[in-house]
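Below you'll find the structure, written out as structure tokens, and then a few comments.
Only the coordinates and a few stated rules stand behind these numbers; no lab work does. Since the structure is predicted, the reported quantities are computational estimates derived from the model, not experimental observations. Every residue, glycine among them, receives a Cβ derived from its backbone with ideal geometry; neighbour counts consider all protein chains shown.
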Amino acid sequence: MFSRCVRIASGALTSLVVAGCASAGFPASIGDDVDLLGPDGTIEVSLGSGGRIEEVEFHVPAAMVPAHIRSAAEREIGPGPIVGAEKEYIAGRLHWEVTKEVGGFEHEVLFDETGRPVVWEVQVDPTKAPSAVIGASEEAVGGSLHAVEEIRDASKVLTQYHVKRRDGSLRWKLVLSPRGEVLRVLRETQAEIEVPVR
């Protein structure tokens, strides 16, 4: 059995009012973090069972990433421009995610505050992913295959796959073991997040 979770990205379909932010699982600095975004910025909120907030991600301009994190990304991923950056809070702890494109595929590395790599997310050619992973994701939610990522720990050991599928307007992210066991199914949906700033 797997858990179903919802990932909310800012948009205009649903309204999520954030009051008492820290007690709800949002970082106490959420008002300041929202100021980093600009008018078209995105906030992603990952909810666990019972509506518990597991992580909050702020998509920020690459220039907002601290210099020591940018240096760590250069060291870990290699040269080239940053094509995506996020300031993330996972279980209340600050992390930075940096994305670069390597050989036509996105490589994302999640760093802790000190610049130590914690997790690698490497987009791969779906034809190179294990058939058990692709088959289990299709059986779980159907739809068409959109993307496949290898998830690796700090030592670059493969621990999971993330498979993204679409069915019309529905978007799914599935977390699977390397053997194809479905661990989680997340429905990605849009929401409007109202954040108190005074």
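A few points about this structure:
- Loop-located GluC sites (Glu not before Pro) in the range 153-195, at most 16 other Cβ atoms within 10 Å (DSSP): GLU181
- Note, ³J(HN,Hα) from phi for the range 136-153, Karplus 6.51, -1.76, 1.60, rounded to Hz, x at Gly and Pro: 5, 5, 5, 5, 6, 10, x, x, 9, 6, 10, 7, 9, 10, 7, 10, 10, 7
- Column: log10 I(q)/I(0), Debye, Cα scatterers of the range 136-178, q = 0.32 Å⁻¹: -1.08
- Relative contact order computed over the range 114-198 (Cα-Cα under 8 Å; 6+ residues apart), in percent: 25
- Each of ALA147, VAL163, PRO178 was placed along the dipole of the range 144-196 (beta-carbon charges, centred on the mean Cα), and the one lying farthest toward the positive end is PRO178.
- Note, ³J(HN,Hα) from phi for the range 89-103, Karplus 6.51, -1.76, 1.60, rounded to Hz, x at Gly and Pro: 10, 10, 6, x, 9, 6, 9, 10, 10, 10, 10, 10, 9, 10, x
- What the phi angles of the range 109-120 give under the Karplus curve with 6.51, -1.76 and 1.60, with θ = phi - 60°, is a coupling list of 10, 8, 10, 7, 4, 7, x, 7, x, 10, 9, 10 Hz, glycine and proline written as x.
- Interchain or long-range residues, amide H under 5 Å from ARG171's placed H: GLU188
- The calculated FRET efficiency for SER169 paired with GLU74, based on their beta-carbon distance and R0 = 30 Å, is about 0.20.
- Amide H partners (placed H, <5 Å) of GLY84, local residues excluded: THR99
- Label positions at ASP35 and ALA67, each projected 7 Å from the Cα along the C-beta direction, are separated by 2.2 nm.
- Within the range 67-86, backbone nitrogen closer than 11 Å to the virtual label 7 Å beyond the Cα of GLU106 toward Cβ: 83-86
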